[in-house]
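The values are calculated or read from the model by the stated rules, or taken from the named source; none is laboratory data. Note that this is a predicted model, so its numbers are computed, not measured. Positions of Cβ are generated from backbone atoms using ideal geometry, with glycine treated the same way; all protein chains shown enter the neighbour counts.
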Amino acid sequence: MSRPDQASYMLRAAASDVGRLYKRQLLDLLDVREGHTVLDAGCGPGADLPALAERVGGTGTVIGVDRDPAMLAQARERTRQSPRVEVREGDVLDLPVDAGTVDRAKTDRVLMHVDDPATALAQLHRATRPGARVALAEPDWDTLIVDSEDLETSRAFTRYTTTEAVRHATVGRRLPRLAEQAGFGVEAVLATTPVFRDVEEADHTLGLGRNMEAAVAAGYVDRERGRRWFTSLSQGAFFASFTLVTVVCSR
């Protein structure tokens, strides 16, 4: 089972009930106001840029940064009628933003993928001005649970996810500590639990099928046992969840 197109994956996840709920909460906590300069570090295909542009009004600026050309192309197309949005090519580990120029900044499910989350947070600290607010959101994949009568295989699936599939699988729980070490003051820490009752939506968001195939290939699960586990998820009631950590910081 091949990995889905990353931009399409991110947009579908953002449009889901789970995605809309936590993103609305994240933007509300960020407290963007008219006239602000707002940075979306790792903006991907630009799913959040229009909402940020609406909040900064006619006198503010939204800067979206991503290093993937395909993501940048979609972000630019999505915001081509938003003159207050600038989409810049760059890495969150070396932000193309002048020091002390940003009033609000966010990262959303970005730090779990970067080489060094601490460096990314140091870059956010450099880019923001005194009094700025920063919002960070990351999953903690150690908390991933998938209901199955074969509990051992469900646990093996989570072990594979945390050990092999995600670079920084537990960065969610580390966010408050990393933020303080970067020089931010932690104002709020929230933990939400996205719940999946539809197996197809969970398969898309959590990669149940493709990650089980990878877990089998890596020796975490016997092939026949993995096949039975995945097939059983579509038989009867389904439940899966994980914890998403949101941290709001002050500069």
Glu201: passes all of (1) at pLDDT below 95; (2) in contact with a helix residue (DSSP H, G or I) (Cβ under 6 Å, 6 or more places away or on another chain); (3) not aliphatic (A, V, I, L, M) but (2)
Restricting attention to the stretch 44-90, and to residues there that are of a type in the set (D, E, K, R) and touching a Pro at 6+ places or on another chain (Cβ under 7 Å), which single residue is farthest from Arg20 (Cα to Cα)? Arg88
Of everything in the stretch 124-146, what is among the charged types (D, E, K, R) and surrounded by 15 or more Cβ atoms within 10 Å (Cβ to Cβ)? Give them in sequence order. Arg126, Arg133, Glu138, Asp140, Asp142
Of the residues that make up the stretch 199-211, is at least one over 30 Å from Lys106 (Cβ atoms) and either in contact (Cβ under 8 Å) with a residue 60 or more places away in the chain or hydroxyl-bearing (Ser, Thr, Tyr) (or both)? yes
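Being acidic (Asp, Glu), modelled with pLDDT of 95 or more and either surrounded by 14 or more Cβ atoms within 10 Å (Cβ to Cβ) or under 16 Å from the mean Cα position of the chain (by Cα) (or both) narrows it down to one residue among Glu213, Glu224; which is it? Explain how you work it out, then say what you get.
Details: Glu224 fails: either surrounded by 14 or more Cβ atoms within 10 Å (Cβ to Cβ) or under 16 Å from the mean Cα position of the chain (by Cα) (or both).
Glu213 is the lone residue from the list that is acidic (Asp, Glu), modelled with pLDDT of 95 or more and either surrounded by 14 or more Cβ atoms within 10 Å (Cβ to Cβ) or under 16 Å from the mean Cα position of the chain (by Cα) (or both).
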What pairs come up if the first residue lies in the stretch 23-37 and is modelled with pLDDT of 95 or more, the second is charged (D, E, K, R) and part of a helix (DSSP H, G or I), and their beta carbons are under 6 Å apart, counting only those six or more places apart or on different chains? Val32/Arg55
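Would a scan of the stretch 236-243 turn up a residue that is loosely packed, with under 13 Cβ neighbours inside 10 Å, modelled with pLDDT of 95 or more, part of a loop (DSSP other than H, G, I, E, B) and more than 21 Å from the chain's Cα centre (by Cα)?
Yes; the residues of the stretch 236-243 include at least one that is loosely packed, with under 13 Cβ neighbours inside 10 Å, modelled with pLDDT of 95 or more, part of a loop (DSSP other than H, G, I, E, B) and more than 21 Å from the chain's Cα centre (by Cα).
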Out of the residues in the stretch 165-174 that are of a type in the set (Lys, Arg) and not in a loop (DSSP other than H, G, I, E, B), which is nearest to Asp222 (Cα to Cα)? Arg173
A careful count of residues in the stretch 13-63 that are among the basic types (Lys, Arg) and within 24 Å of Asp203 (Cα to Cα) gives 3
Those residues of the stretch 141-177 which are farther than 24 Å from Asp198 by Cα, of a type in the set (Asp, Glu) and without any contact (Cβ under 8 Å) to a residue 40 or more places away in the chain, in sequence order: none
Within the stretch 89-104, how many residues are within 21 Å of Gly58 (Cβ to Cβ) and surrounded by 16 or more Cβ atoms within 10 Å (Cβ to Cβ)? 3
When you scan the stretch 87-109, how many residues do you find that are under 12 Å from Ala135 (Cβ atoms) and of a type in the set (Ser, Thr, Tyr)? 1
Set Gly35, Gly46: member being in a loop (DSSP other than H, G, I, E, B) and surrounded by fewer than 19 Cβ atoms within 10 Å (Cβ to Cβ): Gly35
Scan of the stretch 49-73 for residues that are buried (at least 17 other Cβ atoms within 10 Å of the Cβ), closer than 21 Å to Arg24 by Cα and within 20 Å of the chain's Cα centre (by Cα), ordered by number: Leu49, Leu52, Ala53, Val62, Ile63, Gly64, Val65
So, restricting to strands (runs of 3 or more DSSP E) that lie completely within the stretch 64-164, which ones have at least 3 residues that are at pLDDT 95 or above, out of contact with any Gly (no Cβ under 9 Å at 6 or more places or on another chain) and not aromatic (Phe, Trp, Tyr)? 102-108, 128-146
